[in-house]
1. For the range 93-101, state whether one or more residues are acidic (Asp, Glu) and either open to solvent by less than 90 Å² (accessible area, probe 1.4 Å) or more than 22 Å from ALA23 (Cβ to Cβ) (or both).
2. Contact list please: Cβ distance under 8 Å, first residue in the range 3-24 and within 15 Å of LEU68 (Cα to Cα), second residue assigned to a helix (DSSP H, G or I) and open to solvent by less than 40 Å² (accessible area, probe 1.4 Å), pairs at least six apart or on different chains.
3. I need the full set of residues from the range 36-59 which are touching a residue at least 60 places away in the same chain (Cβ under 8 Å) and open to solvent by 70 Å² or more (accessible area, probe 1.4 Å), in order please.
4. Before we move on, is ARG103 over 22 Å from the mean Cα position of the chain (by Cα) and either without any contact (Cβ under 8 Å) to a residue 24 or more places away in the chain or farther than 30 Å from PHE56 by Cβ (or both)?
5. Can you name the number of the only condition in (1) outside any helix (DSSP H, G or I); (2) within 30 Å of ASP129 (Cα to Cα) that LYS111 fails?
6. Residues of the range 10-54 being more than 26 Å from the chain's Cα centre (by Cα) and either aromatic (Phe, Trp, Tyr) or at pLDDT below 90 (or both), which ones?
7. In the range 206-218, how many are exposed (fewer than 10 other Cβ atoms within 10 Å of the Cβ), in a loop (DSSP other than H, G, I, E, B) and charged (D, E, K, R)?
8. What residue, among those in the range 9-34 that are exposed (fewer than 15 other Cβ atoms within 10 Å of the Cβ) and in contact with an Asp or Glu (Cβ under 8 Å, 6 or more places away or on another chain), is farthest from GLN87 (Cα to Cα)?
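The values are calculated or read from the model by the stated rules, or taken from the named source; none is laboratory data. Values in this document were obtained by computation on a predicted structure and should not be read as measured data. All Cβ positions, glycine included, derive from the backbone under ideal geometry; neighbour counts span all protein chains shown. Please note that ligands, DNA and RNA were not included when accessible areas were found on the heavy atoms of the full protein model with its side chains. Shrake-Rupley method; radii C 1.70, N 1.55, O 1.52, S 1.80 Å.
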Amino acid sequence: MSGWAERAAATLLPLSRATTLVAALREWFYTGRFFDLEATDGTCELCGQQDLRYHFEIENPGTTSSLLVGSECIKRFEITGIDEQGQRLDADATGKLVDRHRRGLVEDARKQRVMTALLKLGQKAPDFDAWNFIDFVDDKGAFTPNQVAMIFWRLGSAGIVFRPTDWKVRLRRDSDIGQLRTMKPAAFKRVMAALTAPQRQRIAEIEARFAEYGQKWR
């Protein structure tokens, strides 16, 4: 047995009816319950991996035991689960379900960081209507380039730490691209820090098309 399998066996067998790891794993299933610890200080109760932020619950109905584990352990040990309708899933479908749940946790954490930064700015700058921007992004899903440039400038001026990549920038409309085109260099640089790789590629392609005709996009 490998090291991680030995650690898993030491944990799982006392909580299972079976006497081998392979057989014991068949007794357990992913319950569909998952948790954000809000800090990377969690430990997988199955293999002992540390520095986890997200926990996923597995359960043994025969022994009524449960463990909080990392998403990779569920996939590595091919633990099966149940979907939202209570149907039993195979290992592959369970892995996809766990990945979907993990993406949801990551997205919720991103939104929470954005809202926290906006609320902190509202506390430090009474003229900044944080809830107006929170309502806007809840409705639209992303900020305009001008909004991001302004918010980043104000967050920096207020000394509020934030992650530029947490902020989704809308670039679907011609007006959004137009905002980027007419921005001052410092504001443009702030917004570029928030763009996804495909968005940055799109801007590079626009600049290249202009360059073909000896023109500058900005």
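1. Start the filter on the range 93-101 by keeping residues that are acidic (Asp, Glu), which leaves 99.
This time we only want the ones that are either open to solvent by less than 90 Å² (accessible area, probe 1.4 Å) or more than 22 Å from ALA23 (Cβ to Cβ) (or both), so: 99.
Taking every residue of the range 93-101 in turn, at least one turns out to be acidic (Asp, Glu) and either open to solvent by less than 90 Å² (accessible area, probe 1.4 Å) or more than 22 Å from ALA23 (Cβ to Cβ) (or both).
2. Close Cβ pairs (under 8 Å, with a partner that is assigned to a helix (DSSP H, G or I) and open to solvent by less than 40 Å² (accessible area, probe 1.4 Å)) amount to ALA8/LEU21; ALA8/CYS73; LEU12/LEU21; LEU12/ALA24; LEU12/LEU25.
3. So the first thing to find is which residues in the range 36-59 are touching a residue at least 60 places away in the same chain (Cβ under 8 Å), and the list is 36, 38.
Answer for the range 36-59, where residues must be touching a residue at least 60 places away in the same chain (Cβ under 8 Å) and open to solvent by 70 Å² or more (accessible area, probe 1.4 Å): just GLU38.
4. Details: over 22 Å from the mean Cα position of the chain (by Cα): no; either without any contact (Cβ under 8 Å) to a residue 24 or more places away in the chain or farther than 30 Å from PHE56 by Cβ (or both): yes.
Criteria not met by ARG103.
5. Answer for LYS111: the failing condition is (1).
6. Residues of the range 10-54 that are more than 26 Å from the chain's Cα centre (by Cα), as a first pass: 10-28.
Residue satisfying the conditions is TRP28 alone.
7. In the first step, residues of the range 206-218 are kept if they are exposed (fewer than 10 other Cβ atoms within 10 Å of the Cβ); the result is 212-216.
In the following step, the residues that additionally are in a loop (DSSP other than H, G, I, E, B) were identified as 213-216.
From the residues that got through so far, the ones that are charged (D, E, K, R) too are 216.
The qualifying residues number 1.
8. Of everything passing the filter in the range 9-34, ARG17 is farthest from GLN87 (Cα to Cα).
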